[in-house]
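*Asks:* One structure, pasted below without further comment.
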Amino acid sequence: MEIKHVIKSQQFTPEILFDLFKRADELRKNSDEILKGKVLATLFYEPSTRTRLSFESAMLKMGGNIISTENAKEFSSAIKGESIEDSIRVISSYVDVIVLRHYEEGTAEKASKVSKVPIINAGDGKGQHPTQALLDVYTIYREIGRLDNLKIVMTGDLASGRTIRSLCYLLSKFKGNEIIFISPDSLKIGQDIKDYLLRKKVEFNEETDLNKILPEVDVIYMTRIQKERICSEDYEKSKGKYVINSDNLNLIKSNSIIMHPLPHVEEINLPIDIEENDKRVAYFRQAENGLYIRMALLDLILKD
Ligand code: CP
């Protein structure tokens with residue numbers, strides 16, 4: 001199936017996902033120069049470490065080139081009042097693909113309407129982060145060996161967490177999954193996601209006690225309380241409420257995994273070198289998987 005723009009995770013069928021996983025595994029071993037002559041633009045209106053740099057590295061490893069504006073809000077002509085449509089219309093005549101992160105939900109879709117080349121949504125405000133969801137399911141598949149019949153707890157800022165939203169949509173494509181949402185009161189999962197899960201017959205619950213749930217789940221998906229998206233009162237009430245640390249780590253099954261889209265702050269309070277001694281700690285492998293799944297995605301979109 002052809003994919004032009006990547007705007008939301010619902011676009012991906014299980015068949016495309018497994019093709020991407022296979023290609024990512026191949027590209028992990030050998031990337032050659034399959035995108036030689038192609039140019040990728042990263043256009044980021046919000047900060048990023050992993051998404052921008054892994055897309056850029058992916059392109060370079062496959063022999064392509066990149067042009068980049070890492071702080072487009074200030075250092076592009078947006079500051080002079082240029083519309084996103086005009087910017088995209090122009091940039092799309094310079095490159096073969098645009099990776100766009102923007103602070104407003106719906107911007108990637110808006111960009112796709114005027115772009116001459118594929119737009120990849122690298123996060124649009126509180127909307128979606130579909131390539132994060134791709135690397136998340138790729139990680140679950142590599143670590144646990146299946147994407148169905150999983151019990152997953154998702155914690156943190158579920159109200160404005162775009163990684164959570166995109167992952168829920170992808171997990172809904174597989175049978176027998178059960179999702180448990182745990183969040184501070186002011187940051188609960190939105191009704192739109194609950195309605196979607198109901199329509200797709202995905203079992204879900206909202207709980208309050210993380211330690212009670214930890215022994216039951218296959219995947220612990222932690223997320224950050226997003227200081228930049230909520231008022232300071234909500235932030236102060238919510239930060240540090242749900243944490244994985246050395247006290248509750250022992251509640252987690254030996255074959256379960258702890259994931260996090262990163263960056264993390266106090267919700268994960270474990271030493272950085274724990275990854276070497278405890279295979280349940282999967283979030284750095286998860287971030288690395290982002291490179292290979294993004295290579296596979298660029299290959300899928302740009303191959304002639
Ligand atoms: N997970 C993620 O999107 O990280 P960055 O904000 O660093 O890109």
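*Asks:* Quick test of your reading of the structure: Glu33 fulfils all but one of (1) within 19 Å of Leu262 (Cβ to Cβ); (2) open to solvent by 20 Å² or more (accessible area, probe 1.4 Å). Name the failing condition by number.
*Replies:* (1)
*Asks:* Also: Exactly one of (1) open to solvent by 30 Å² or more (accessible area, probe 1.4 Å); (2) among the polar types (S, T, N, Q); (3) within 13 Å of the ligand (Cβ to nearest atom) is unmet by Asn121. Its number?
*Replies:* Tallying (1) open to solvent by 30 Å² or more (accessible area, probe 1.4 Å); (2) among the polar types (S, T, N, Q); (3) within 13 Å of the ligand (Cβ to nearest atom), Asn121 fails exactly one: (1).
*Asks:* Here is a further query. Leu17 - would you say it is in the same structural domain as Lys110 (by TED's automatic domain parsing), within 23 Å of the chain's Cα centre (by Cα) and away from the ligand (no atom under 16 Å from the Cβ)? If you could, list the steps in order and put the result at the bottom.
*Replies:* Values: in the same structural domain as Lys110 (by TED's automatic domain parsing): yes; within 23 Å of the chain's Cα centre (by Cα): yes; away from the ligand (no atom under 16 Å from the Cβ): yes.
So Leu17 fits the description; yes.
*Asks:* Could you identify the single residue in Ile179, Ile225 that is under 15 Å from Met154 (Cβ atoms), modelled with pLDDT under 95 and buried (at least 18 other Cβ atoms within 10 Å of the Cβ)?
*Replies:* Values: Ile179 fails: modelled with pLDDT under 95.
The match here is Ile225.
*Asks:* Phe55 versus (1) under 20 Å from the mean Cα position of the chain (by Cα); (2) of a type in the set (Phe, Trp, Tyr); (3) farther than 21 Å from Glu33 by Cα: which is the lone unmet condition?
*Replies:* Phe55 satisfies every listed condition except (3).
*Asks:* Next up: Considering only residues that are part of a loop (DSSP other than H, G, I, E, B) and among the charged types (D, E, K, R), which ones fall in the stretch 233-260? Full working, then the answer.
*Replies:* Going residue by residue through the stretch 233-260, those that are part of a loop (DSSP other than H, G, I, E, B) are 239-243, 246-248, 252-256, 260.
Matches in the stretch 233-260: Lys239, Lys241, Asp247, Lys253.
*Asks:* Sticking with this structure for a sec: Testing Ser238 on (1) closer than 16 Å to Thr163 by Cβ; (2) modelled with pLDDT under 95, one condition comes back false. Which one is that?
*Replies:* It fails just one condition, (1).
*Asks:* What are the pairs, 6+ residues apart or on separate chains, where a residue within the stretch 283-294 that is near the ligand (Cβ under 10 Å from one of its atoms) and hydrophobic (A, V, I, L, M, F, W, C) has its Cβ under 7 Å from a residue that is in a helix (DSSP H, G or I) and open to solvent by 20 Å² or more (accessible area, probe 1.4 Å)?
*Replies:* Between residues of the stretch 283-294 that are near the ligand (Cβ under 10 Å from one of its atoms) and hydrophobic (A, V, I, L, M, F, W, C) and residues that are in a helix (DSSP H, G or I) and open to solvent by 20 Å² or more (accessible area, probe 1.4 Å), the close pairs are Ala287/Arg50.
*Asks:* Here are some residues: Ala108, Ala41. Which one is in contact with a helix residue (DSSP H, G or I) (Cβ under 7 Å, 6 or more places away or on another chain) and surrounded by 18 or more Cβ atoms within 10 Å (Cβ to Cβ)?
*Replies:* Working: Ala108 fails: in contact with a helix residue (DSSP H, G or I) (Cβ under 7 Å, 6 or more places away or on another chain).
None of the others qualify; the one that does is Ala41.
*Asks:* Give the residues of the stretch 182-199 that are under 19 Å from Asn149 (Cα atoms) and surrounded by 15 or more Cβ atoms within 10 Å (Cβ to Cβ), sorted by residue number. Give the steps one after another, and end with the answer.
*Replies:* Restricting attention to the stretch 182-199, the residues satisfying the condition of being under 19 Å from Asn149 (Cα atoms) are 194, 196-199.
Result: Lys194, Tyr196, Leu197.
*Asks:* Check Leu60, Leu53 and return the single one that is within 16 Å of the ligand (Cβ to nearest atom) and either touching a Leu at 6+ places or on another chain (Cβ under 9 Å) or open to solvent by 20 Å² or more (accessible area, probe 1.4 Å) (or both). First the steps, then the outcome.
*Replies:* On the way: Leu60 fails: within 16 Å of the ligand (Cβ to nearest atom).
Of the residues listed, the single one that is within 16 Å of the ligand (Cβ to nearest atom) and either touching a Leu at 6+ places or on another chain (Cβ under 9 Å) or open to solvent by 20 Å² or more (accessible area, probe 1.4 Å) (or both) is Leu53.
*Asks:* Out of Glu70, Glu85, I need the residue that is farther than 13 Å from Leu298 by Cα and loosely packed, with under 15 Cβ neighbours inside 10 Å. Which one? Walk me through how you get there before you give the answer.
*Replies:* Numbers: Glu70 fails: loosely packed, with under 15 Cβ neighbours inside 10 Å.
From the options Glu70, Glu85, the qualifying one is Glu85.
*Asks:* Checking the conditions here, which among Thr139, Thr155 is farther than 26 Å from Gln191 by Cβ, in contact (Cβ under 8 Å) with a residue 12 or more places away in the chain, hydroxyl-bearing (Ser, Thr, Tyr) and open to solvent by less than 20 Å² (accessible area, probe 1.4 Å)?
*Replies:* Thr139
*Asks:* Would you mind stating whether Lys173 is assigned by TED's automatic domain parsing to the domain that holds Arg229, open to solvent by 60 Å² or more (accessible area, probe 1.4 Å) and touching a residue at least 60 places away in the same chain (Cβ under 8 Å)? Can you show your working first?
*Replies:* Values: assigned by TED's automatic domain parsing to the domain that holds Arg229: yes; open to solvent by 60 Å² or more (accessible area, probe 1.4 Å): yes; touching a residue at least 60 places away in the same chain (Cβ under 8 Å): yes.
The answer is yes for Lys173.
*Asks:* List the residue pairs whose Cβ atoms are under 6 Å apart, where the first residue sits in the stretch 226-237 and is in the same structural domain as Leu187 (by TED's automatic domain parsing), the second is open to solvent by 50 Å² or more (accessible area, probe 1.4 Å), and the two are 6 or more positions apart or on different chains.
*Replies:* These pairs meet every condition: Asp234/Ser186; Tyr235/Lys227.
*Asks:* Restricting to the stretch 245-264, name every residue that is touching a Ser or Thr at 6+ places or on another chain (Cβ under 9 Å) and buried (at least 18 other Cβ atoms within 10 Å of the Cβ). Spell out the reasoning first.
*Replies:* Narrowing the stretch 245-264 to residues touching a Ser or Thr at 6+ places or on another chain (Cβ under 9 Å): 257, 259-264.
Selection gives Ile257, Met259, His260, Pro261, Leu262.
*Asks:* Here is a further query. Using beta carbons and a limit of 6 Å, which pairs, at least six apart or on different chains, have the first residue in the stretch 16-43 and more than 30 Å from Lys173 (Cα to Cα) and the second one open to solvent by 80 Å² or more (accessible area, probe 1.4 Å) and not charged (D, E, K, R)?
*Replies:* Every condition considered, the pairs that remain are Val39/Asn65.
The values are calculated or read from the model by the stated rules, or taken from the named source; none is laboratory data. The structure displayed is predicted, hence computed values, not measured ones. Neighbour counts run over all protein chains shown; Cβ positions are idealised from the backbone, glycine included. Heads up: the accessible areas ignore ligands, DNA and RNA and are worked out on the full protein's heavy atoms, side chains in. Shrake-Rupley method; radii C 1.70, N 1.55, O 1.52, S 1.80 Å.
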